[in-house]
Amino acid sequence: MLALVKVAPGPGLELRDVPEPVIGINDVLVKVRRTGICGTDLHIAAWDAWAARTIVPPLVVGHEFVGQVVAVGSNVVDFRPGDLVSGEGHVVCGRCRHCLAGRRHLCANTIGLGVGRDGAFAEYVALPMTNVWHHWPGIDEEVAAIFDPFGNAVHTALAFPVLGEDVLVSGAGPIGLMATAVVRHAGARFVVVSEPNPARRAIALRMGATVAVDPRERDLREAGRELGMVEGYDVALEMSGNPAALRAAITAMAHGGGVAILGIPTEEIALDVNEIVFKMLTLRGIYGREMYETWYKMTVMLQSGLDIAPAITHRFSFHDHEAAFAAARSGDVGKVIMDWTA
Ligand SMILES: [Zn+2]
Ligand SMILES: [Zn+2]
């Protein structure tokens with residue numbers, strides 16, 4: 001089969017002919033139809049410091065996908081050939097305290113699809129059946145392809161109650177864009193998106209942002225006051241990993257607010273802990289999705305009118321993977337989809 005492979009340490013990915021995955025008795029083999037390009041994939045392609053210490057080549061990359069089941073192991077009864085599925089990209093151990101308690105997203109032994117094991121940028125991908133999600137009828141196939149990052153967005157957006165609250169979203173990459181639509185759907189009053197890139201600010205407005213501001217030009221507290229916020233933001237979703245963005249969010253929060261942090265910084269961030277203490281803020285790190293409560297919520301929110309499709313802006317055949325990665329890297333895009341059927 002053809003797959004996008006990190007062949008050796010160093011920058012680049014190669015489209016190569018590799019053996020199809022061999023499935024065990026508990027596994028599901030999926031013929032991939034569409035995939036989403038994630039920041040993680042860009043890091044691996046570029047071979048930055050994180051990739052160099054994390055990735056062991058050769059590795060098939062990619063973890064955001066939708067496809068059809070083509071074969072199942074002898075122990076698998078819930079999946080049949082032809083089923084439309086996506087994969088939860090975090091393969092957990094099933095044996096630790098949190099896994100046994102049903103809090104699988106907290107597993108400390110998580111292995112990432114396309115990071116610690118061969119991934120989904122391929123014609124076929126294999127996963128344990130406990131990592132496979134059946135799509136409900138009526139879910140758009142492109143949206144189904146990005147359930148993994150959509151899950152990040154939902155998990156972060158719903159980390160704190162947002163009904164009637166004023167929300168700051170810092171960073172309007174694909175996950176920030178989807179989170180904007182989610183908090184709007186979940187009943188937030190004002191949603192202020194902070195994002196330096198004008199193309200992404202424009203998409204944020206289509207996703208339901210009340211205003212989208214350039215943080216280099218606008219003070220976030222000022223933007224909130226103009227809308228009529230009484231004290232500051234009740235909830236902040238930090239999606240950028242940028243030190244200045246996290247500090248600005250903390251400064252702009254109302255007392256008792258919650259800051260959900262999904263963006264991954266590349267360096268340590270110094271924070272004014274006095275502000276956190278005297279404002280009695282809660283900072284919460286978010287990684288991955290809840291298995292499978294987040295997946296359930298994604299599905300039912302789509303059924304009840306949530307539309308995240310505007311976050312998908314570019315589509316390429318997998319043969320044009322270089323152009324697809326270049327688009328994703330440019331930062332002027334929402335989610336970039338690769339089609340593995342043509
Ligand atoms: Zn991803
Ligand atoms: Zn575990």
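Here are the numbers:
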| quantity | calculated |
| --- | --- |
| Selected residue [out of contact with any Ser or Thr (no Cβ under 6 Å at 6 or more places or on another chain) and within 20 Å of Arg189 (Cα to Cα)] from Ala212, Ala260, Ala248 | Ala212 |
| Which listed residue, of Ile276, Ile269, is in contact with a helix residue (DSSP H, G or I) (Cβ under 9 Å, 6 or more places away or on another chain), surrounded by 13 or more Cβ atoms within 10 Å (Cβ to Cβ), among the β-branched types (Val, Ile, Thr) and in a loop (DSSP other than H, G, I, E, B) | Ile269 |
| Qualifying positions in segment 30-49 - more than 16 Å from ligand 1 (Cβ to nearest atom) and assigned to a helix (DSSP H, G or I) | Ala49 |
| Elements of type helices (runs of 4 or more DSSP H) in segment 96-201, at least 3 residues being more than 18 Å from the chain's Cα centre (by Cα) | 97-100 |
| Selection within segment 77-103 - away from ligand 1 (no atom under 16 Å from the Cβ) and touching a Gly at 6+ places or on another chain (Cβ under 9 Å) | Leu84, Val85, Leu100 |
| Filter result for Arg53 (away from ligand 2 (no atom under 16 Å from the Cβ), within 23 Å of Arg329 (Cα to Cα), assigned by TED's automatic domain parsing to the domain that holds His321 and in a helix (DSSP H, G or I)) | yes |
| Test set (1) within 23 Å of Leu4 (Cα to Cα); (2) touching a residue at least 24 places away in the same chain (Cβ under 8 Å) - His105 fails condition number | (1) |
| Residue in segment 62-76 that is within 16 Å of ligand 1 (Cβ to nearest atom) and among the aliphatic types (A, V, I, L, M) present | yes |
| Pair list, Cβ under 6 Å, 6 or more apart: segment 210-233 residue farther than 16 Å from Ile250 by Cα and assigned by TED's automatic domain parsing to the domain that holds Asn197, other residue in a strand (DSSP E or B) and at pLDDT 95 or above | Thr210/Val191; Val211/Val192; Ala212/Val193; Val213/Ser194 |
| Condition check for Leu113: free of Cβ contacts under 8 Å to residues at least 60 places away in the same chain, closer than 16 Å to Leu29 by Cα and either within 16 Å of ligand 2 (Cβ to nearest atom) or surrounded by fewer than 16 Cβ atoms within 10 Å (Cβ to Cβ) (or both) | yes |
| Residue in segment 80-93 that is free of Cβ contacts under 8 Å to residues at least 40 places away in the same chain, closer than 18 Å to Val5 by Cβ and away from ligand 2 (no atom under 16 Å from the Cβ) present | no |
| Residue in segment 291-303 that is of a type in the set (A, V, I, L, M) and surrounded by fewer than 17 Cβ atoms within 10 Å (Cβ to Cβ) present | yes |
| Segment 156-192, residues that are under 18 Å from Arg289 (Cα atoms) and aromatic (Phe, Trp, Tyr) | Phe160 |
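Quick grid of which residues meet (1) modelled with pLDDT of 95 or more; (2) among the small types (Gly, Ala, Ser); (3) touching a strand residue (DSSP E or B) at 6+ places or on another chain (Cβ under 6 Å); (4) assigned by TED's automatic domain parsing to the domain that holds Lys335:
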{"position": "Val259", "(1), (2), (3), (4)": "yes, no, yes, no"}
{"position": "Gly263", "(1), (2), (3), (4)": "yes, yes, yes, no"}
{"position": "Ile269", "(1), (2), (3), (4)": "yes, no, no, no"}
{"position": "Glu275", "(1), (2), (3), (4)": "yes, no, no, no"}
{"position": "Met280", "(1), (2), (3), (4)": "yes, no, yes, no"}
{"position": "Glu293", "(1), (2), (3), (4)": "yes, no, no, no"}
{"position": "Lys297", "(1), (2), (3), (4)": "yes, no, no, no"}
{"position": "Val300", "(1), (2), (3), (4)": "yes, no, no, no"}
{"position": "Gln303", "(1), (2), (3), (4)": "yes, no, no, no"}
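The values are calculated or read from the model by the stated rules, or taken from the named source; none is laboratory data. Please read all numbers here as calculations on a predicted model, not as lab measurements. Every residue, glycine as well, gets a Cβ built from its backbone with ideal geometry; the counts of neighbours run over all protein chains shown.
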